[in-house]
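Everything below concerns the one structure shown next.
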Amino acid sequence: MRRLVVLFSSYFFVLTLSAQSLDIPTKHYGLSIGNSTRFTGLRINFSDKDLQQINGVNITLWKARSSKTGVINGLAIGLVGPEAYDINGVGFGLGVGAENRLRGLSIGLLGVGAGEDVVGLNIGGLAVGAGNKLAGINLAGLGLGSGGSVSGLSCAILGVGAGEGLNGIAIAGLGVGTGGDLNGFALGLLGAGAGGDIKGVVIGGLGCGGGGDATGVLLGGLGVGAGKSITGLAIGLVGVGAGKQIKGGALAAAMIQTPAFTGIGAAGYLRIDHFKGLSMAGLTHFQSSRGLSIALVNVARELHGVQVGSINYAGNNKFFKYCPIINTHF
């Protein structure tokens, strides 16, 4: 029995090295042992070379000897990892890789990756990555990312990142980020951010923010910010700020700062050029205020409404610029 095993192993190894195969019952269908390039059925090979197309089950023991070529449709299993130009179906091994695209279920004990797109259910012990698009359900032990977009459900212990855009649900132990727009739900225990616009719910343990407009609910352990506008609810334990305006509600222990604010704002210090709505603070400093301001000290160069506080200043009042308790101008 031992001699038969040794003989079969030697024959199998020779077939692989010589780029030949033993095919039963025909050259293209059934069972193939060795380096057949086009086959349908069960194919077993040590290391692939010049692969064209396999339909069925493909089992390899080592990584491809040449560049990743060919298409595998079905089940691809590799002791080290299945490799091809495209893999459509199920891929399993230490690592699962495709030169172009992975579609279906990919499980890599170390990682899963493709030069272009990874689509489907993708699980990597360490990482999951795509050169262009990562879509579906993506789970990684350390991190996952894409040079293009990430969409679907993405979870990683360290981080989730996308070069162009992130859509769906992204959860990471450290951070979530994208160079483009973020749409959906993002949670990073340290931070979450987008270089473009944000739409949805974004939570960052330390902070969250976007380079463009932010719409939805933004929660930051320290701060929340947007390069342009915030529309919705923004809460930062230290501060909230927007480069253009805030519409909705904003809450911060220390400071809220923006050129224009419409809605309800509460903070230790409100520094806003043009405010409209309800404000509650230790100190308010407005160029113009329309609505109700409640604070220990209220300062408005132009008041159109009511100030309630210990000291109230309305620069456009002719006689009663400074008033204790309450000041008005309509």
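Here, each number is a calculation from the coordinates, and none is a lab measurement. All of these numbers come straight from a predicted model, not from anything done at the bench. So basically every Cβ, Gly included, is an ideal-geometry build from the backbone, and we count neighbours across all protein chains shown.
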The whole-number value in µm²/s of the Stokes-Einstein translational diffusion coefficient for the chain, with Rh from the Kirkwood sum over alpha carbon pairs at 37 °C and 0.692 mPa s, is 143
Ordered by fewest other Cβ atoms within 10 Å, a rough proxy for footprinting exposure, PHE185, PHE320, PHE261 read PHE320, PHE185, PHE261
Among GLY291, GLY211, LEU109, the residue whose Cα sits farthest towards the positive end of the charge dipole of the chain (+1 at Cβ of Lys and Arg, -1 at Cβ of Asp and Glu, taken about the Cα centre) is GLY291
Residue by residue through region 50-60, the couplings from Karplus 6.51 cos²θ - 1.76 cosθ + 1.60 with θ = phi - 60°, in Hz, x for Gly and Pro, are 6, 5, 10, 7, 10, 10, x, 10, 10, 10, 10
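Let me spell out the model: positive unit charges on the Cβ of Lys and Arg, negative unit charges on the Cβ of Asp and Glu, origin at the Cα centre of region 224-306. What dipole size does that give, in debye rounded to 20?
On the way: 7 positive and 2 negative charges, 36 e Å.
Approximately 180 debye in magnitude.
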A chain fully extended from GLN20 to LEU153 at 0.36 nm per residue, minus the present Cα-Cα distance, gains in nm 43.6 nm
Cα extents of region 261-329 along the principal axes, largest first, in whole Å, come to 29, 19, 14
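Can you sort ILE87, ILE171 from fewest to most other Cβ atoms within 10 Å of each residue's own Cβ? Walk me through the numbers before you get to the answer.
Details: ILE87 31, ILE171 18.
Starting with the residue having the fewest Cβ neighbours, the order is ILE171, ILE87.
Hand me the trypsin sites (Lys or Arg not before Pro) from region 264-330 located in a DSSP loop with no more than 16 other Cβ atoms within 10 Å, in residue order please.
Working: sites: ARG271, LYS276, ARG290, ARG301, LYS318, LYS321; in loops: LYS318, LYS321.
Passing sites in region 264-330 are LYS318, LYS321.
Net charge within 13 Å of GLY108 by Cβ-Cβ distance, Lys/Arg positive one each and Asp/Glu negative one each, not counting GLY108 itself?
Values: positive: LYS63; negative: GLU83.
Around GLY108, the charge tally is 0.
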Quick calc, the chain, dipole around Cα centre from Cβ unit charges on Lys, Arg (+) and Asp, Glu (-), nearest 20 debye, gives 220
Residues VAL119, VAL297 in order from fewest to most other beta-carbon atoms within 10 Å are VAL297, VAL119
In whole Hz, the Karplus estimates of ³J(HN,Hα) for region 70-75 (6.51, -1.76, 1.60; θ = phi - 60°; x where Gly or Pro) are x, 10, 10, 10, x, 10
Phi angles of region 284-290, converted by Karplus (6.51 cos²θ - 1.76 cosθ + 1.60, θ = phi - 60°) into ³J(HN,Hα) in whole Hz with x for Gly and Pro, give 10, 9, 10, 6, 9, 10, 10
Residue-normalised 222 nm signal for the chain, counting each DSSP H run of n ≥ 4 as -39,500 (n - 2.57), nearest 500 deg cm²/dmol, is -1500 deg cm²/dmol
Helix 2-17: inclination vs the chain longest Cα principal axis, degrees, rounded to 10, gives 70
